[in-house]
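Following: one structure in structure tokens, then a few remarks.
The values are calculated or read from the model by the stated rules, or taken from the named source; none is laboratory data. Quick caveat, the model's predicted, so the values are computed rather than measured. All Cβ positions, glycine included, derive from the backbone under ideal geometry; neighbour counts span all protein chains shown.
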Amino acid sequence: MSMQGPKTKAAFERASKVMPYGVNSNFRYWGDEDTLVVSRGEGAYVYDMDGKRYIDYRLGFGPIILGHGYEAVVKKVQDSIGDGTVFAWTTPLEIEVAERITRMCNVDKVRLTNTGSEATMHALRIARAHTNREKFIKFEGCYHGQADYFMFSTAGTNRRMLGSRRSPIAAAATSGIPHTISDYVISLPFNDFEMLEETIEAQWGDIAAVFVEPVLGNAAGIFPAPGYLEKIRELTEKYGIMMVFDEVKTGFRLANGGAQEYFGIQADLVTYAKAMGNGFPVAAIAGKEEVMMTIEPGAMAHGGTYSGNTVGVAAAAATLQILEEEPVIETINQRGQTLMDGMDRILTDADIPHVVTGAPTMFSLFIGGDEMPMDFRGYLKGDGDLYEAIAMELIERGVQPDSDGREPWFLCYALSEEDVAETLTVFEASVKAVKW
Ligand SMILES: Cc1ncc(COP(=O)(O)O)c(C=O)c1O
């Protein structure tokens, strides 16, 4: 059965004539029958072209921290852009946003940019320039955006491509990347203390950075084992390697100060995007004074015509102000915990082996095993097909998580207690539908 009503189907067919697969990002293509075209969003809901309402837990892959079309954010953008949007000079709004980020995230300096991919790309350049080394470590299952250097051992990579656990392969997740790029990428299983230590001790003179999503926001919200982030911090400090927290998903979501605050660890560089603008394109590279000051006119480039543009920056100013002044994360945490507990109970009652992973503001369901997966390989041992079957039943009934279990359930401030109750009722019916 197709997810598309007649108007949605017609719009998708129109889109497919002019856009490859009818989408502007491959992750949005769910097949010709199940790719939606959305007419609008409001608060915690999205509506497709046929007017069908969904409680939205994809939230654009995470940015919507407050709600779709959140009035105070929209108004701030509307009020600001009438005076122009790009000037190739600094604006007071940029200063305000940078001040808020330094205060909220306990970082010394910030440069604004537009997308997570741009932020990670620049963070890698800063790390290389700062250390005068070229390789970097990333972890299997972590996604750091679309730049060639990062598209390894992430979405689009299957178990076989990753090679043996003893000698993991940095597996290209797409064609179109020059072969030699992989020479710079060391891809390791997450949460493996020994392998991290061995690798760094053997190769530290070549390693500029360790990039990590502190919680695997692109692999079912897998958590760091106790002491693992501390181990990365200890080893990177010892060997002069930059520790880079990619907080594109965790930033302004796990806590106002992101994973740095949540885990009590200071990285050298941090990247933010998504939640910082509640769905407007704005991102940041931030970090310690001496590392960020590697950026130097004439010596180490960071730039961008739209970096600090008023559209994104006005949205960030409003979003961060609300996060600072209202109990946003606290509220989302409570609702998320209710969902995690309820889904856990329903799956247990249905005798479906599972583990609820992640944090309440971005949690996931690992289906098909009852041991907490500690890395991407562990996640891939789960039953992705059963997860997808449950997700499709949910969507049919108007609750929308992603159909790919790697992608967490994201929550927003606009999600009410009634929405949570409705979600659990629908979840129970969906689990029953796949089970019986
Ligand atoms: C952790 C992480 N880093 C970087 C990115 C790339 O961000 P963008 O899609 O804004 O380029 C993403 C996107 O999902 C992400 O989850």
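Quick notes
- With respect to being in the same structural domain as residue 260 (by TED's automatic domain parsing), buried (at least 17 other Cβ atoms within 10 Å of the Cβ) and touching a residue at least 12 places away in the same chain (Cβ under 8 Å), residue 147 falls outside the description.
- Only listed residue being over 23 Å from residue 355 (Cα atoms), surrounded by 21 or more Cβ atoms within 10 Å (Cβ to Cβ) and either β-branched (Val, Ile, Thr) or not assigned by TED's automatic domain parsing to the domain that holds residue 360 (or both), chosen from 176, 251, 221, 217: 251
- Residue 106 fulfils the conditions (1) away from the ligand (no atom under 16 Å from the Cβ); (2) within 30 Å of residue 4 (Cβ to Cβ); (3) in contact (Cβ under 8 Å) with a residue 40 or more places away in the chain except for a single criterion, (2).
- Some residue of segment 308-330 being surrounded by fewer than 21 Cβ atoms within 10 Å (Cβ to Cβ), in a loop (DSSP other than H, G, I, E, B) and touching a residue at least 40 places away in the same chain (Cβ under 8 Å): yes
- Residue 364 crowded, with 18+ Cβ neighbours inside 10 Å and farther than 20 Å from residue 46 by Cα: yes
Conditions tested, residue by residue: (1) assigned to a helix (DSSP H, G or I); (2) at pLDDT 95 or above; (3) assigned by TED's automatic domain parsing to the domain that holds residue 252; (4) closer than 16 Å to residue 57 by Cα.
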| position | (1), (2), (3), (4) |
| --- | --- |
| 341 | yes, yes, no, no |
| 346 | yes, yes, no, no |
| 351 | no, yes, no, no |
| 356 | no, yes, no, yes |
| 363 | no, yes, no, yes |
| 373 | no, yes, no, no |
| 377 | yes, yes, no, no |
| 388 | yes, yes, no, yes |
| 392 | yes, yes, no, yes |
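- Taken over segment 13-29, the criterion of being surrounded by 15 or more Cβ atoms within 10 Å (Cβ to Cβ) and farther than 22 Å from residue 68 by Cα is satisfied by 15, 16, 21, 22.
- Candidate set: segment 116-139, residues that are away from the ligand (no atom under 14 Å from the Cβ) and either of a type in the set (D, E, K, R) or in a loop (DSSP other than H, G, I, E, B) (or both); chosen: the one farthest from residue 380 (Cα to Cα): 132
- Answer from 262, 228, 239 - the residue that is within 16 Å of the ligand (Cβ to nearest atom), at negative phi and in the same structural domain as residue 319 (by TED's automatic domain parsing): 262
- Subset of segment 376-432 that is under 24 Å from residue 66 (Cα atoms) and of a type in the set (S, T, N, Q) - its residue that is surrounded by the most Cβ atoms within 10 Å (Cβ to Cβ): 423
- Set side by side, the residues 118, 96, 134, 71 differ, and just one is of a type in the set (D, E, K, R) and buried (at least 21 other Cβ atoms within 10 Å of the Cβ), which is 118.
- Within segment 332-350, if we keep just the residues that are of a type in the set (S, T, N, Q) and under 20 Å from the mean Cα position of the chain (by Cα), the residue that is surrounded by the most Cβ atoms within 10 Å (Cβ to Cβ) turns out to be 333.
- Of the numbered criteria (1) surrounded by fewer than 21 Cβ atoms within 10 Å (Cβ to Cβ); (2) closer than 25 Å to residue 295 by Cα; (3) basic (Lys, Arg), the one residue 166 fails is (2).
- Residue in segment 273-296 that is in a loop (DSSP other than H, G, I, E, B), of a type in the set (Gly, Ala, Ser) and on the phi < 0 side of the Ramachandran plot present: yes
- Conditions (1) touching a residue at least 40 places away in the same chain (Cβ under 8 Å); (2) assigned to a loop (DSSP other than H, G, I, E, B); (3) among the aliphatic types (A, V, I, L, M); number of the one not met by residue 186: (2)
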